[in-house]
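Read the structure below first, then the notes.
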Amino acid sequence: MKICPRCQKTFTDDNLNFCLEDGTTLQPMGAAPPPPPAAQMNPPATNPNQPIGGQPAWNTPQQYGGPPAKKSSKAWIWVVLILTLVVLVCGGGLVGFIFYAASQADKTVNNSNSSPTKGNTTTNKATTTTTDPSRDDLTTLDFKMFVHEFSIYGDTAIEGDELTIKANSTIAYYVLAAPEEYKTEDADTRVTVRNTADKSSAHGYGLVFHSNPTPLQQGYAFLIDAKRKKYAVVHHAPQKEMTVVNWTSSSAINGGTEENTLEVRDHSGTIDLYINGTKVTTINNTYGYTGGVAGLYTGNGVKVAYKDFEIRR
């Protein structure tokens, strides 16, 4: 039998290493409790073959969550409160729980801390095309690898042929990245998304590409908010989310709870972004992770359903 030195809850499963209530390393009954773990703003890199939180698992996607940065002059208080809750749980080779504060205030306006290099981003007149016929090697991602039974960041579940994801906080976003074999360079990557409740999302939701297998370290996210019929593109660095393409209105987006297919077509660093077969913008690969992978991004407590997650090369 094991006991949690923090909450004193006991567990009969000797194979369980972490408390299901607060993530603290379990100790054998009668053992002297270890000193409390120290909070860290910059935790060490995680093992890409293990999920963040819970028990170790093989060939599962990494998950990450982060609250947004300040929305007003007093928002630093929230950041301080959140950072005080950060705990790195170590032991037995397991990774810890990590919260990163995003640097973006509100993606409906320009990011004040960063802007893309001039000339790196161009907006194109909308055109409708079909998938490149020369890319016929199809890989379909199994949504089961994105389901995490216990996560402090969000809820995931398989419902019919869809994967549903919902961030636990209305002021945070939840990001999942596929294992390293699901690369997006020189490939067409697409997924179909559906806002299940027709709710607006300030951060948006959509497709992650060219991402480090450990989410939010380096990579891109192609996002939409169907309620507002707008799209945006962001890129990530540790503890930062920065705007590549500001929120832009597009008639290509289906509103309400209708499905929208997002597609990223990479051609040696030139990236065309499509919504429902219509090209809405093109960017150059300036911030992507070499050998980066696909993933999913959901924000603001909005429940989003995903299906038909594919990579063609």
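If you go through region 283-301 one residue at a time, do you hit one that is of a type outside the set (Phe, Trp, Tyr), modelled with pLDDT of 95 or more, over 15 Å from the mean Cα position of the chain (by Cα) and in a strand (DSSP E or B)? Within region 283-301, one or more residues are of a type outside the set (Phe, Trp, Tyr), modelled with pLDDT of 95 or more, over 15 Å from the mean Cα position of the chain (by Cα) and in a strand (DSSP E or B).
Looking at region 225-241, is at least one residue at positive phi and out of contact with any Phe, Trp or Tyr (no Cβ under 9 Å at 6 or more places or on another chain)? Yes, region 225-241 contains a residue that is at positive phi and out of contact with any Phe, Trp or Tyr (no Cβ under 9 Å at 6 or more places or on another chain). Residues in region 243-260 that are buried (at least 18 other Cβ atoms within 10 Å of the Cβ) and touching a Lys or Arg at 6+ places or on another chain (Cβ under 6 Å): 247, 253. Under the condition of being surrounded by fewer than 23 Cβ atoms within 10 Å (Cβ to Cβ) and without any contact (Cβ under 8 Å) to a residue 40 or more places away in the chain, the residues counted in region 202-229 number 3.
The values are calculated or read from the model by the stated rules, or taken from the named source; none is laboratory data. Since the model is a prediction, treat every value here as computed from it, not as a measurement. Cβ atoms come from the backbone with ideal geometry, glycine included; neighbour counts cover every protein chain shown.
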